[in-house]
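To start, the structure under review is shown below, and the notes come after it.
Laboratory data are not the source of any read-out in this text; all were calculated from the coordinates shown. Keep in mind the model is a prediction, meaning the values are calculated, not measured. When we count neighbours, we look across all protein chains shown, and the Cβ atoms used for this are built from the backbone with ideal geometry, even at glycine.
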Amino acid sequence: MKKRSALILAIVLVLSLILGGCGKGSSSVKQPEDAANSTAQNAAGSAEHSFVLFTMENGEAFKIELYPEYAPKTVENFRKLVSEGFYDGLTFHRIVDDFMAQGGDPALSGRKEADSIYGEFANNGFAQNTLHHDRGVISMARTTVPDSASSQFFICYSDTYSASLDGSYAAFGKVIEGMETVDGFLTVERSYNSMGELATPVTPIVIAHAEIVEG
């Protein structure tokens, strides 16, 4: 009975992550020409990692290392958004215990949505993304459309749901410094969202600035 309850909870949380994602349809998304070409592009971008520092409005910070060898186009898009200052002033709007912290929704700040990108995960034909959704891993949120991810991302609090997330979401990096800052989001008072989760911060968790930095 306990195993069955845990399985049901995992399914509910993963479905809620899909429904809580952000993005547009896939009609304008360019697919890789073939698997061999994707593999070649992936290998070419695997040598150089980059790093993004998120500084929160309260002065606390965390650093993410990006892994292009797993999701090159996703990393490219994320770097572009960071370089443009896209995340400055946005929030982490969904915080779920033992699951993840989700942020990067421009609509909540009345801003224009970013373009959608190809979903680099196994269930969307991108088999080389084998990065597991373990604690600290960052991945792209999306709708039920595989190619709908744009700017929203989530950071895993544990590996509890990695089996359900792996292969269905484009994991592309990991928090390497300041995970205690992300853990601190859990201490903020939260209210229930439309999906019945105790997940919406009563006081907004604001990203003051995101920037590409040295490792």
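Model label points for Lys80 and His132, set 7 angstrom from Cα along the Cα-to-Cβ axis, are 3.2 nm apart.
Given Cβ point charges of +1 (Lys, Arg) and -1 (Asp, Glu) and nothing else, what value in debye, to the nearest 20, does the dipole of region 77-136 about its Cα centre take? Mind dumping the intermediate values first?
Details: 6 positive and 9 negative charges, 28 e Å.
About 140 debye.
Assign unit charges at the C-beta atoms only (+1 for Lys and Arg, -1 for Asp and Glu), then state the dipole size of region 96-215 relative to its Cα centre in Debye, rounded to the nearest 20. Can you show the working numbers first?
On the way: 6 positive and 17 negative charges, 61 e Å.
For region 96-215, the charge dipole is close to 300 debye.
About the Cα centre, and with charges only on the beta carbon of Lys, Arg (+1) and Asp, Glu (-1), how big is the dipole of region 168-215? Nearest 20 debye, please. It would help to have the intermediate numbers written out before the result.
Values: 2 positive and 7 negative charges, 43 e Å.
Dipole about the Cα centre, nearest 20: 200 debye.
The label-point distance for Ala61 and Ala107, in a model that sets each label 7 Å from Cα toward Cβ, rounds to 3.2 nm. Available extension along the chain between Ala163 and Ser191 is 7.3 nm, counting 0.36 nm per residue and deducting the alpha carbon span. The trypsin sites (Lys or Arg not before Pro) of region 109-215 that DSSP puts in a loop, and whose beta carbon has at most 14 other beta carbons within 10 Å, are Arg111, Lys112.
Over all other residues within a Cβ to Cβ distance under 12 Å of Arg94, the charged ones net out to -2, with Lys and Arg as +1 and Asp and Glu as -1. Provide the net charge surrounding Ser158, with neighbours chosen by a C-beta distance below 14 Å and charges set as Lys +1, Arg +1, Asp -1, Glu -1. That works out to -4.
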